[in-house]
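Peer 1: Handing you a structure now.
Please treat every number below as a calculation from the coordinates, not as lab data. Small disclaimer: the values here were computed from a predicted structure and weren't measured.
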Amino acid sequence: MENIIRKIEQIYPVSDEALQALQANMELRYYPKDTRIVQSGVTDRLVYFIEEGITRSVFHHNGEDTTTWFSQEGDVTFGMDSLYYQQPSVESVETLSDCKIYVIHIDKLNALYETYIDIANWGRILHQNVNKELSHMFVERLQLSPKERYEQFNRRYPGLINRVKLKYVAAFLGISIYTLSRVRAKK
């Protein structure tokens, strides 16, 4: 759990006791590339901590897929509607590589929030940071040129461009694959 613990500690200092309790409530799973670990239209009450690999959150609409988020080593991913509102997820989460992931049921995580204030604070700050990123990405899509969005992507996700399909990056940036190719060629 080296990558997960490192990321947790970057967000908020969590005691060894709390980390041990978190680990004791997790289950290790391996998912091959191209697995939907969260399926749109299905309620999934698990939180996925990525130790190794990459996932993307994807919205399916009218036969088109739009990548809405990438998660990689140390990150947490889940279906928000399922997790918080016990409703079917509107997005899927797909593995883009073979993944080693620790999972915990939201009820167990909520019990840890009540027992360990440092875990609760970690969760709060994690969500604040994600909300901030989502807000910034929304504004960037409205205000930045494709080139500037691509540059922001590389700052936000260093090295990820070499690990995922360019069509996913283009969809995430709200540009065509042709525009992304032109922007990359000018670098």
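Peer 1: Which ³J(HN,Hα) values, rounded to whole Hz and listed in residue order, are derived for the range 161-175 from phi using the Karplus coefficients 6.51, -1.76 and 1.60 in 6.51 cos²θ - 1.76 cosθ + 1.60 with θ = phi - 60°, glycine and proline given as x?
Peer 2: Karplus values, whole Hz, x for Gly and Pro: 4, 8, 10, 10, 5, 4, 5, 6, 5, 4, 4, 4, 7, x, 10.
Peer 1: Amide H of Cys99 versus every other amide H placed in the peptide plane: which residues, excluding those fewer than 5 positions away on the same chain, fall under 5 Å?
Peer 2: For Cys99, the qualifying residues are Tyr31, Lys33.
Peer 1: Two decimals, Cα atoms only, Kirkwood Rh: what is Rg/Rh over the chain?
Peer 2: Working: Rg = 17.0 Å, Rh = 17.4 Å.
For the chain, the value is 0.98.
Peer 1: Of the cross-linked pairs Lys33/Lys132; Lys100/Lys147; Lys7/Lys186; Lys108/Lys167, which ones have a Cα-Cα span greater than 31 Å in the structure shown?
Peer 2: Check vs 31 Å cut-off fails for Lys100/Lys147; Lys7/Lys186; Lys108/Lys167.
Peer 1: Another question, then. How many times 2.2 N^0.38 Å is the alpha carbon radius of gyration of the range 52-154? Walk me through the numbers on the way to the answer.
Peer 2: On the way: Rg = 15.6 Å, N = 103, 2.2 N^0.38 = 12.8 Å.
In units of the globular-protein estimate, the range 52-154 measures up at 1.22.
Peer 1: I'd like the Karplus ³J(HN,Hα) series for the range 71-84: coefficients 6.51, -1.76, 1.60, θ = phi - 60°, whole numbers in Hz, and an x wherever there's a Gly or Pro.
Peer 2: 10, 9, 3, x, 7, 10, 9, 5, x, 4, 4, 5, 5, 9
Peer 1: Same structure, new question: Counting only helical runs of four or more DSSP H residues, what would the 222 nm mean residue ellipticity of the chain come to if each run contributes -39,500 (n - 2.57) and the total is spread over all its residues? Intermediate results must be reported in sequence, preceding the final value.
Peer 2: Values: 8 runs with 90 residues, N = 187.
The per-residue figure over the chain is -14500 deg cm²/dmol.
Peer 1: At 0.36 nm per residue, minus the direct Cα-Cα distance, what do Gln87 and Lys147 gain on full extension? Give it in nm, one decimal, please. Please report the intermediate quantities before stating the final value.
Peer 2: Values: separation 60, 0.36 × 60 = 21.60 nm, distance 3.71 nm.
That works out to 17.9 nm of additional length.
Peer 1: Residues with amide H under 5 Å of Gln39's amide H, sequence separation 5 or more or different chain, H placed in the peptide plane at 1.01 Å from N; which?
Peer 2: Sorted by chain and number, the residues that satisfy this are Val93.
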